[in-house]
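**Student:** Structure below; questions to follow.
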There are 2 protein chains.
Amino acid sequence: MPSTTPQLRTLDHPDRAEIRLEGVLHALSDPARLQVVHYLAGAGESSCSAIDLAVSKSTSTHHFRVLREAGVIRQVYRGTAKMNRLRREDLDALFPGLLDCVLRAYETRCVQRT
Amino acid sequence: MPSTTPQLRTLDHPDRAEIRLEGVLHALSDPARLQVVHYLAGAGESSCSAIDLAVSKSTSTHHFRVLREAGVIRQVYRGTAKMNRLRREDLDALFPGLLDCVLRAYETRCVQRT
């Protein structure tokens, strides 16, 4: 009888070379996803529940998946928690300055609206 | 009998203050629309037909409309031609550096694929 190996819960991520500009821009083109990216840029690795999105759990899960599949964030399980971090190194290598420009624009917009 | 005024064919555009970061990023998140923006950045005001998009006429019209409604381009009629130009001044004022970062990323990607 073959030995069983522990089931690893891993999630699919594009390699750096597979990350597409259009996909990244699409992933960033939503207020909730911009909020996630801005949060992770400041806080580093965080659980999904740490980010207070004003959307349902399933919508939140969808947004994180869009960000992951576009190559904007990396998601890993640590115990039962799904942890998220920005793929800043990959994004900066592929699209220099883009993430910082978007984050600055997001912050400026937030300041204007308060 | 009231005098008739000539019918002006104008198109709706958002004011600068109405342009939203999410809308601009969404407008830029498509290969055909990126191609349009890149073309206009180099060529200045151009007719829709000057830009060789590999899509149908109706799809092309849709892409130009998405760009216009997001505030990325301005479209005006000159005679029967619809002319397009980038709203670079508005975009640079609202989101400094964003358009240039996206254009650089687009060019890099094009070079990598040739």
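**Student:** Hey, any hits in the stretch B:19-33 for a residue that's out of contact with any helix residue (DSSP H, G or I) (no Cβ under 8 Å at 6 or more places or on another chain), within 30 Å of A:L67 (Cα to Cα) and open to solvent by 60 Å² or more (accessible area, probe 1.4 Å)?
**Tutor:** Step one: filter the stretch B:19-33 for residues out of contact with any helix residue (DSSP H, G or I) (no Cβ under 8 Å at 6 or more places or on another chain), giving none.
Taking every residue of the stretch B:19-33 in turn, none turns out to be out of contact with any helix residue (DSSP H, G or I) (no Cβ under 8 Å at 6 or more places or on another chain), within 30 Å of A:L67 (Cα to Cα) and open to solvent by 60 Å² or more (accessible area, probe 1.4 Å).
**Student:** While we're on this one: Here is a check on your reading of the model: is A:A105 open to solvent by less than 40 Å² (accessible area, probe 1.4 Å), more than 10 Å from the chain's Cα centre (by Cα), over 20 Å from A:R20 (Cα atoms) and within 14 Å of chain B (Cβ to nearest Cβ)? Before you say what the answer is, go through the steps one by one.
**Tutor:** On the way: open to solvent by less than 40 Å² (accessible area, probe 1.4 Å): yes; more than 10 Å from the chain's Cα centre (by Cα): yes; over 20 Å from A:R20 (Cα atoms): yes; within 14 Å of chain B (Cβ to nearest Cβ): yes.
So A:A105 fits the description; yes.
**Student:** For A:H38, all conditions in the list (1) under 27 Å from B:C101 (Cα atoms); (2) surrounded by fewer than 15 Cβ atoms within 10 Å (Cβ to Cβ) hold save one; what is the number of the exception?
**Tutor:** Among (1) under 27 Å from B:C101 (Cα atoms); (2) surrounded by fewer than 15 Cβ atoms within 10 Å (Cβ to Cβ), A:H38 violates only (2).
**Student:** On the given criteria, is B:T80 open to solvent by less than 60 Å² (accessible area, probe 1.4 Å) and among the hydroxyl-bearing types (S, T, Y)?
**Tutor:** no
**Student:** Output the residues belonging to the stretch A:73-96 that are among the hydrophobic types (A, V, I, L, M, F, W, C), in contact with a strand residue (DSSP E or B) (Cβ under 7 Å, 6 or more places away or on another chain) and closer than 21 Å to A:E107 by Cα.
**Tutor:** In the first step, residues of the stretch A:73-96 are kept if they are among the hydrophobic types (A, V, I, L, M, F, W, C); the result is A:73, A:76, A:81, A:83, A:86, A:91, A:93-95.
Of the ones still in play, those that are also in contact with a strand residue (DSSP E or B) (Cβ under 7 Å, 6 or more places away or on another chain) are A:73, A:76, A:81, A:83, A:86.
The answer is A:I73, A:L86.
The values are calculated or read from the model by the stated rules, or taken from the named source; none is laboratory data. If you're wondering where the values come from, they're calculated on a predicted model, not measured in any experiment. So basically every Cβ, Gly included, is an ideal-geometry build from the backbone, and we count neighbours across all protein chains shown. Side chains included, ligands, DNA and RNA excluded: accessible areas come from the protein's heavy atoms. Shrake-Rupley method; radii C 1.70, N 1.55, O 1.52, S 1.80 Å.
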